[in-house]
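Everything below concerns the one structure shown next.
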Amino acid sequence: MKVESLREVRNNWSQVIDELPTTGPVLVTRNGKASALLLPVDENTDLEALILSNSKRFWEIMDSAGQSGRLTSFEDLPDANDEKAWEKLSNDR
């Protein structure tokens, strides 16, 4: 990951943006501390997942759901072709 100061990014904004697909993420620092992250985006980028992955509220909801037993782990899911098990699982909810 490339690290650049805010001053460098500001002075070379177009170049930094143009090079994102090649350089990958750029960590922007301010006074030596991480301040922002620039990410390359293309037609395959899942923006919703990217935004949710950084949402404190989203993770609080996920943690709450997991603690309440409302989530099922992948290991506990029935085989994809087990119709009776899937029916039972949906009825239990």
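The values are calculated or read from the model by the stated rules, or taken from the named source; none is laboratory data. If you're wondering where the values come from, they're calculated on a predicted model, not measured in any experiment. Virtual Cβ from ideal backbone geometry, glycine too; neighbours counted across all protein chains shown.
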Discussion item. Looking only at segment 1-18, how many residues end up being surrounded by 14 or more Cβ atoms within 10 Å (Cβ to Cβ) and either in a helix (DSSP H, G or I) or outside the structural domain of residue 38 (by TED's automatic domain parsing) (or both)?
Written reply: 3
Fill in: Failed criterion for residue 24 (all others in (1) loosely packed, with under 11 Cβ neighbours inside 10 Å; (2) on the phi > 0 side of the Ramachandran plot hold)
(1)
Worksheet item: Only one residue in 5, 14 is out of contact with any His (no Cβ under 8 Å at 6 or more places or on another chain) and touching a residue at least 24 places away in the same chain (Cβ under 8 Å), so which one is that?
Response: 5
Fill in: Identity of the residue in segment 43-72, modelled with pLDDT of 80 or more and touching a helix residue (DSSP H, G or I) at 6+ places or on another chain (Cβ under 7 Å), that ends up farthest from residue 90 (Cα to Cα)
52
